[in-house]
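Q: What follows is a structure written as structure tokens; I'll ask about it next.
Read-outs: derived from the displayed coordinates by stated rules, not from any lab. In this text the structure is predicted, and so the values were computed from the model without any measurement. Here Cβ is always computed from backbone atoms with ideal geometry, including for glycine, and neighbour counts include all displayed protein chains.
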Amino acid sequence: MDQKQSRLDRARTQYALYKERPLDISMARGIPSKKQLKLSESLVNDIEIESWLSEDELDIRNYGGLYGIKEARELFGLLLKTKIEETFVGGNSSLQLMFAVLNYHMYNKQNPWSKAKDQPVKFICPSPGYDRHWFMLDYLGIEMIPVELTGNGPDMEVVEKLVSQDPSIKGMFVVPKYNNPTGESVSDEVVDRLASMHTAVQDFLILWDNAYIVHHLTDEKVEIKNILAASKDSGNPDRVIQFVSTSKMTLPGAGVSAMGSSTKNIDAMAEYFSKQLISFDKINQKRHVKFLKDKQSIEAHMEKHREILEPKFSWIDAILSAYFGGESQSFVEWTSPKGGYFVHLTTRVNCASKIVAAMADIGITLTPANAAYPYGSNPLDNSIRLAPSNLSLDQLEIAMEALCVCIEMVTLETYEN
Ligand code: PLP
């Protein structure tokens with residue numbers, strides 16, 4: 001029996017054992033663990049609000065203050081490098097703000113992206129990217145054009161060519177730091193090119209989703225060049241809207257989100273929101289300001305998250321290296337992110353869906369294969385996202401060993417000769 005056959009037999013035997021005793025583990029979504037949530041319990045249990053007045057004299061218990069309270073706008077302004085009038089503080093979800101921006105541009109009366117019913121609206125989608133971005137574009141009927149990521153952000157040659165020629169391309173998503181799922185960050189050169197590129201439409205829009213702005217996993221704390229400043233310098237002051245939230249700093253279900261952009265964009269979005277609500281939750285904004293305080297204390301708080309998260313990423317790297325270092329290198333490639341929440345696997349062509357299905361059959365749920373591509377469509381079928389944050393180290397070890405068995409079995413079966 002050749003070596004390959006005996007490896008396959010061994011993997012099948014191991015897999016059969018997993019099948020006899022299925023597990024119940026999910027590595028599908030980037031959810032903070034209970035230990036991480038504990039870090040912010042005092043936000044609810046201990047923060048006392050001595051004055052119900054915000055710094056700009058709003059009674060935070062009452063209606064009003066749609067742009068957010070002054071102290072919250074200042075705090076998020078520190079993260080986004082925006083002035084108070086360039087900063088809008090919303091509710092508990094930055095995705096909601098992004099959807100609102102898209103919805104506003106699709107349907108506002110004055111200048112909608114789509115002037116006629118059958119006129120297509122298209123977006124550039126750096127891939128692999130965040131599936132929920134793709135879901136919202138698809139829901140709104142916006143056609144998605146995937147552009148490959150390079151390790152330093154989207155392939156700018158391709159982006160520049162597309163946006164300079166096609167006026168139906170209205171914008172793009174970028175996750176600039178520790179991208180979900182590849183972990184990569186955009187280089188200064190990419191920031192400059194995005195800020196200054198020629199676009200066929202005058203009001204081309206970049207949704208700059210900085211979800212992992214302070215979510216470092218190593219001592220090398222990646223800093224991204226200021227895209228708002230670069231866009232202003234290039235004569236495109238309204239090109240970019242930045243988004244952040246405290247979802248993965250404090251409590252995802254009860255956090256605070258914000259956006260930073262030109263005052264023109266911020267005012268337009270405030271006007272849009274004024275048609276659907278009178279104000280967001282200002283008490284929660286105040287609580288967050290008291291809890292997170294300033295940049296330094298945010299960094300100290302994020303260090304505690306890192307202490308919990310980092311060992312999980314090290315484990316993934318160690319187990320994959322043990323299985324697929326050396327001779328088996330060609331079975332799978334994986335990222336070693338410096339921040340964020342995900343590891344991305346590039347399997348052999350036509351293997352990702354089978355690996356995810358094999359894992360599901362033994363009770364381990366992963367994000368659907370290729371979900372990081374628009375429409376979930378990746379002709380190479382080689383993309384898997386791992387989200388380890390919500391697993392204990394013990395669970396992670398079990399799940400990763402099973403994953404390695406599945407990768408080995410599926411790859412050997414697919415490439416039998
Ligand atoms: N943006 C990215 C890139 C994410 O990965 C996530 C969560 O995984 C979000 C946004 C969700 O943000 P929020 O909780 O503020 O809606």
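Q: Would you mind finding the longest exposed-site-free stretch of the chain, with exposed chymotrypsin sites (Phe, Trp or Tyr not before Pro) meaning DSSP loop and at most 14 other Cβ atoms within 10 Å?
A: On the way: sites that count: Trp52, Tyr63, Tyr415.
Counting only loop sites that pass the neighbour cut-off, the longest clear stretch is 64-414.
Q: Dipole of the range 286-355, Cα-centred, from +1 at each Lys and Arg C-beta and -1 at each Asp and Glu C-beta, to the nearest 20 debye? Walk me through the intermediate numbers first.
A: Numbers: 11 positive and 8 negative charges, 117 e Å.
Roughly 560 debye, rounded to the nearest 20.
Q: On alpha carbon coordinates alone, what is the Rg over Rh value for the range 324-417, Rh being the Kirkwood radius? Spell out each step's value before the answer.
A: Details: Rg = 12.9 Å, Rh = 13.7 Å.
Dividing the radius of gyration by the Kirkwood radius yields 0.94.
Q: Anyone know which of Leu207, Leu17, Leu228 comes out most mobile in the 10 Å Cα GNM of the chain?
A: Between Leu207, Leu17, Leu228, it is Leu17 that shows the largest mean-square fluctuation.
Q: Under the rule a/c < 1.5 gives rounded, and otherwise a/b versus b/c splits prolate from oblate, where does the range 186-308 land using the Cα gyration tensor?
A: Working: a/c = 2.71, a/b = 1.23, b/c = 2.20.
Cα axes put the range 186-308 in the oblate bin.
Q: Sticking with this structure for a sec: Quick check: the distance between the Cα centres of the range 1-44 and the range 336-354, to the nearest angstrom?
A: For the range 1-44 versus the range 336-354, the Cα centre distance is 14 Å.
Q: Toward the positive end of the charge dipole of the chain, about the Cα centre and with charges on Cβ (Lys, Arg +1; Asp, Glu -1), which of Ala322, Gly65, Ser185 goes farthest?
A: Gly65
Q: Positive end of the charge dipole of the chain (Lys, Arg +1 and Asp, Glu -1 on Cβ, about the Cα centre): tell me which of Leu345, Trp334, Val289 has its Cα farthest that way.
A: Val289
Q: For the chain, what is the calculated [θ] at 222 nm in deg cm²/dmol (nearest 500), taking -39500 (n - 2.57) for each run of four or more DSSP H residues and dividing by its residue count?
A: Working: 14 runs with 171 residues, N = 417.
The helix contribution divided over the chain gives -13000 deg cm²/dmol.
Q: Among bridges DSSP assigns within the chain, what percent are antiparallel (round to 5)?
A: Details: 17 of 37 bridges.
Looking only at bridges with both residues in the chain, the antiparallel portion is about 45 percent.
Q: Which is farthest toward the positive dipole end of the range 49-292 among Met197, Ser279, Gly129, measuring Cα position about the Cα centre, with Cβ charges +1 (Lys, Arg) and -1 (Asp, Glu)?
A: My answer, from the dipole projection, is Ser279.
Q: Can you give the FRET efficiency to the nearest 0.05 for Arg132 and Gln5, using r as the Cβ-Cβ distance and R₀ = 35 Å? Could the numbers behind the result be given before it?
A: Details: r = 42 Å, r/R0 = 1.21.
Plugging the Cβ-Cβ distance into 1/(1 + (r/R0)^6) gives 0.25.
Q: Pairs Lys170/Lys275; Lys81/Lys221; Lys248/Lys312; Lys177/Lys295; Lys232/Lys264: which are spaced more than 20 Å apart, C-alpha to C-alpha?
A: From the list (Lys170/Lys275; Lys81/Lys221; Lys248/Lys312; Lys177/Lys295; Lys232/Lys264), the Cα-Cα distance tops 20 Å for Lys170/Lys275.
Q: If you build a Gaussian network model of the chain, linking Cα atoms that sit under 10 Å apart, which residue out of Met249, Met259, Met106 swings the most?
A: Met106
Q: In addition: For the range 84-166, which trypsin sites (Lys or Arg not before Pro) pass both filters: DSSP loop (anything but H, G, I, E, B) and at most 14 other C-beta atoms within 10 Å?
A: Lys109, Lys115, Lys117
Q: Further question on the same structure: Label-point separation (nm) for Ala318 and Lys19, each offset 7 Å from Cα along Cα-to-Cβ?
A: A separation of 3.1 nm, rounded to one decimal place.
Q: Among Leu66, Leu309, rank each residue by its count of other Cβ atoms within 10 Å, from fewest to most, as a rough exposure measure.
A: Lowest to highest Cβ neighbour count: Leu66, Leu309.
Q: Let me ask something else about it. Considering only Asp131, Asp381, Asp24, give the residue with the highest GNM mean-square fluctuation for the chain, with springs between Cα atoms whenever their separation is below 10 Å.
A: Between Asp131, Asp381, Asp24, it is Asp24 that shows the largest mean-square fluctuation.
Q: Taking the Cα centre as origin and putting +1 on Lys and Arg beta-carbons and -1 on Asp and Glu beta-carbons, what dipole magnitude results for the chain, to the nearest 20 debye? Mind dumping the intermediate values first?
A: Working: 44 positive and 55 negative charges, 149 e Å.
With only Lys, Arg, Asp and Glu charged at Cβ, the dipole is about 720 debye.
Q: Rounded to the nearest 20 debye, what is the charge dipole size of the range 308-410 about its Cα centre when +1 sits on each Lys and Arg Cβ and -1 on each Asp and Glu Cβ? Mind dumping the intermediate values first?
A: Values: 5 positive and 10 negative charges, 66 e Å.
Charge dipole, the range 308-410, about its Cα centre: 320 debye, nearest 20.
Q: Return the Cα extents of the chain along principal axes one, two and three, sorted largest first, each rounded to a whole Å.
A: 78, 55, 36 Å, listed from the longest principal axis down.
Q: With a length cut of 18 Å (Cα positions projected on each helix's long axis) and a Kyte-Doolittle mean of at least -0.5, go through the chain and give me the DSSP H helices that pass. Numbers along the way, then the final one.
A: Working: long enough: 3-20 (26 Å, -1.76); 94-107 (20 Å, 0.74); 295-324 (40 Å, -0.38); 393-414 (31 Å, 1.03).
Those that clear 18 Å and a mean of -0.5 are 94-107, 295-324, 393-414.
Q: Right, another one. If you average the sequence gap of Cα pairs under 8 Å that are 6 or more apart and divide by the length of the range 329-412, what percent do you get for the contact order?
A: Working: 118 pairs, mean separation 27.9, N = 84.
Reported relative contact order: 33 percent.
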